[in-house]
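Notes follow once the structure below has been shown.
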Amino acid sequence: MHALSQLDYSAAGLFLVAWLGFNLLIDLGPLRKKTLSYAMETQRRNWMLTMATREVRIMDTAILSGLQQGTAFFASTALLAIGGSFALLDATDRILQVAGDLSIPVSDSRALWEIKVLGLMLIFAYSFFKFGWAYRLFNYASIVMGAVPERSQGDPDAIREIAGKAGELNVLAGRHFNRGQRALFFAIGFLGWFAGPIAFAILTVAVFLVLLRRQFSSKARATVMSGQLSNFSPDVKLGEYTDTGSSNPFT
């Protein structure tokens, strides 16, 4: 660790504060209910309650399958990134030589370079575990969703309770997916460290501000918040639906 300067320690500290602080702000902070993530959690719960009112749930299973596939894609990407980081460790001397020939401002210390690569690997490993657990939770949510009785064959309170459980599992899966994705976003800021601690700090702050804007002042948040169905009931019907859950009277 003697390869790290005081400026490196300061930039690394700023990175950890920004990353952990952002997670605390979005997931546990007093402003949590004003975030895009919280708004989408409400929509996930509403989705499961809406699903419970339908007899045909092919659309719901297709949506959940898409969420699982997206999570699997990011988990695979994190694994590939870890493999790429191992390749960087093996080619440290060659990379430093090429960077020197091209006058690219990277560290000329082998020890410092390896510390940075190992840090990047830890971020990718964290994101992989988050995506892996999110994938598993989506799987659990699909199983519980399949256990929701049909509207015509079950007690309304029991249907609502099981649908609520599926919604909570969906919310948990979404939270872990978001944390894994944030890790990948902050990994972009971490890449700035390869160009020096100042670039590291600047990129970290830039990533933090971009993510903060998306949560509190993006068009996506405004769209979701404007269509919030906070008092939604599974007995409410939007449009004319038949017992098969279709607006087509011939199905």
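Quick notes on this structure:
- Unique match (being within 20 Å of Leu118 (Cβ to Cβ), surrounded by 13 or more Cβ atoms within 10 Å (Cβ to Cβ) and in contact with a Ser or Thr (Cβ under 7 Å, 6 or more places away or on another chain)) among Ala78, Ala11: Ala78
- Residue selected from the range 50-64 under the condition in contact (Cβ under 8 Å) with a residue 40 or more places away in the chain and of a type outside the set (D, E, K, R), by the criterion surrounded by the most Cβ atoms within 10 Å (Cβ to Cβ): Ala52
- In the set Ala199, Ala220, Ala173, only one residue is more than 19 Å from Ile26 (Cα to Cα) and hydrophobic (A, V, I, L, M, F, W, C); that residue is Ala199.
- Qualifying residue in the range 82-89 (condition: open to solvent by 60 Å² or more (accessible area, probe 1.4 Å) and either modelled with pLDDT of 95 or more or more than 23 Å from Gly180 (Cα to Cα) (or both)): no
- Phe73 being at pLDDT 95 or above, open to solvent by less than 40 Å² (accessible area, probe 1.4 Å) and part of a helix (DSSP H, G or I): no
- Pairs where the first residue, in the range 195-207, is at negative phi and the second is open to solvent by 50 Å² or more (accessible area, probe 1.4 Å) and not in a helix (DSSP H, G or I), C-beta under 6 Å, 6+ apart: Ala195/Pro105
- Answer residue from the range 142-155, given it is crowded, with 17+ Cβ neighbours inside 10 Å and in contact (Cβ under 8 Å) with a residue 40 or more places away in the chain and is farthest from the chain's Cα centre (by Cα) among those: Val148
- Condition met for Arg136 (among the basic types (Lys, Arg) and either modelled with pLDDT of 95 or more or out of contact with any Pro (no Cβ under 7 Å at 6 or more places or on another chain) (or both)): yes
- Within the range 14-36, the set of residues being of a type in the set (Phe, Trp, Tyr) and open to solvent by 20 Å² or more (accessible area, probe 1.4 Å) comprises Trp19 only.
- Residue check for Thr42: open to solvent by 50 Å² or more (accessible area, probe 1.4 Å) and of a type in the set (Val, Ile, Thr): no
The values are calculated or read from the model by the stated rules, or taken from the named source; none is laboratory data. If you're wondering where the values come from, they're calculated on a predicted model, not measured in any experiment. Here Cβ is always computed from backbone atoms with ideal geometry, including for glycine, and neighbour counts include all displayed protein chains. What goes into the accessible areas is simple: the full protein's heavy atoms, side chains included, and nothing from ligands, DNA or RNA. Shrake-Rupley method; radii C 1.70, N 1.55, O 1.52, S 1.80 Å.
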